[in-house]
Amino acid sequence: MSIVVTGATGILGGLVIEHLLKNVPANEIIASVRNVEKASNLAELGVEVRYGDYLDMASMKKSFEGAKKVLFISSPDTDNTLRVRQHANVVQAARDAGVKHIAYTGYAFGEESQVSLAHVHMATEYAIRTTNIPYTFLRNSLYTEVFVNPGLNAAIESGELITNTGNGVLNTVTRKDLALAAATVLTEEGHENKSYNLVNPQPWSFNELAQVITEVTGKKVVHRSVTFDEMKEYLVKAGLPEPVAEFSAEIYQAVSEGETSKTSEDLTKLIGTPTPLKEVVKQTFQG
Ligand SMILES: NC(=O)c1ccc[n+]([C@@H]2O[C@H](COP(=O)([O-])OP(=O)(O)OC[C@H]3O[C@@H](n4cnc5c(N)ncnc54)[C@H](OP(=O)(O)O)[C@@H]3O)[C@@H](O)[C@H]2O)c1
C-alpha cells in the first residue's frame, strides 16, 4: 500500500510524513515534489522521492503511478485562477493514474465562505467528485501559526497587540495537529467519501491571546482593536508592502465578521484535543 504526499517539501507535507513514518514503512511512502533536491532529507529516511509539478500534468501522473492513496496538498500560489488550473491538473492526473483514494487539504466550512481562497478549495472538491475516486476532504482551519508567530515580538515590546478583529474568535489549529489528522485519515479505514471541518472546538480571541502572552512572557500586553483603514495604515508604517498589509487587514476583518468562529468536533474525533493556545504561545516564545 503506497501513499503519495504532494507538496512534501512544504511545512505541512513534511509534518504529515513525520507522522506517517510512525505507522507506515518508509518504502511505502512516496513524496511528490517539484524540487527533488529539496527533498534529500526525505530520501535519506527511505521515502521514495518523485518529481511532480502541479503545472505539468504528465509529471503528476507519473508521480502517482501505483499509488493506492494520495494526500493532495493544495498549492500555495497566490493567483487563485492559476491555483484552480494547477489543482485540475493534479485531479486529472490522479484519475488517469488510477488512484484509489484521494485526501485533499481544503478550507474549513468553505461552502459557506465568501473569501476567494474558499472558492478555489470548493472548485477542487467538485473536480475531485467528478472523478468518482473515493475522497476525504480535510477542510483545514487557518493555521494558528498565521497569527501566533515571532512577529508578535513587536506587540510584546510595545505592550499593545493591534488588530481589527474586534471581539471575533478564531477556530485555528496548528499545522502539526492538522498533519496528524491527515496522517490518521491516510492510515485508518473508514474515511472514504467524508468531509471533515478540521477546526478548533475552542476558538480563541485576540483579547485572550494578549492575556496568554502576558502570562507566558511576564510582559503586560493588551489587545487594541482598530478599524480596517487604521490597521492597514499601521501595517504599512510597520514596513509591510501595501498589498500584504491589505491582505492581513482583510483576514482580520473576516475574523471580526465571524469567518473563523464556527466549531466542529471533527478534529477531536480524529486526533483528540488539539494543542491549547497557551502551549502554542509557550512553544513560540520559550522555545
Ligand atoms: N490553513 C492556512 O492557514 C494556510 C496558510 C497558508 C497556506 N495554506 C495552504 O496549505 C498548503 C500547505 O501549507 P504549508 O504551510 O505546508 O505550505 P508551504 O510550506 O508553502 O508548502 C507548499 C508546498 O507546495 C509545493 N508547491 C508549490 N507549487 C507547486 C507546484 N507548482 N507543483 C508542485 N508542488 C508545488 C511547495 O514546493 P516547494 O517546496 O518546491 O516550494 C511546497 O512543498 C499551502 O500550499 C496552501 O495551499 C493554508
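Numerical summary
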{"quantity": "Residue exposure sequence - Val16, Val91 - by fewest surrounding Cβ within 10 Å", "calculated": "Val91, Val16"}
{"quantity": "Nonlocal amide H pairs with Asn140, under 5 Å, H built at 1.01 Å", "calculated": "Gly106, Tyr107, Ala108, Leu198"}
{"quantity": "Vicinal HN-Hα couplings computed from phi for the stretch 171-187 (Karplus, 6.51 cos²θ - 1.76 cosθ + 1.60; Hz; Gly/Pro x)", "calculated": "8, 6, 9, 6, 4, 4, 5, 5, 5, 5, 4, 5, 5, 5, 4, 6, 10"}
{"quantity": "Which of Ala210, Val99, Leu142, positive extreme of dipole for the chain (C-beta unit charges)", "calculated": "Val99"}
{"quantity": "Segment Leu82-Glu111, extension gain: residue separation times 0.36 nm, minus the distance between their alpha carbons", "calculated": "8.4 nm"}
{"quantity": "Range in the chain, longest, excluding exposed trypsin sites (Lys or Arg not before Pro) [loop by DSSP; at most 14 other beta-carbon atoms within 10 Å]", "calculated": "101-218"}
{"quantity": "The chain shape via C-alpha gyration tensor axes, a/c threshold 1.5", "calculated": "prolate"}
{"quantity": "Amide H contacts of Tyr135 (H built 1.01 Å from N, under 5 Å, at least 5 apart or other chain)", "calculated": "Ile102, Asn193, Lys194"}
{"quantity": "Pairs from Lys38/Lys62; Lys194/Lys269; Lys69/Lys194; Lys237/Lys282; Lys38/Lys176; Lys69/Lys278 whose Cα-Cα separation, in the structure shown, is over 25 Å", "calculated": "Lys237/Lys282; Lys69/Lys278"}
{"quantity": "Separation in nanometres of the label points that stand 7 Å from Cα toward Cβ, at Lys220 and Phe285", "calculated": "1.5"}
{"quantity": "Cut-off under 5 Å, modelled amide H: who pairs with Leu161 long-range", "calculated": "Val222, His223, Arg224"}
{"quantity": "Among Glu189, Glu259, Glu28: highest mean-square fluctuation, GNM of the chain, C-alpha pairs under 10 Å", "calculated": "Glu189"}
{"quantity": "Share antiparallel - DSSP beta bridges, the chain, percent rounded to 5", "calculated": "5"}
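FYI, it's all coordinate maths here, none of it is from the lab. Here the structure is a predicted model, which is why all the values come from computation and not from measurement. Note that we place each Cβ from the backbone using ideal geometry, even for glycine, and neighbour counts take in every protein chain shown.
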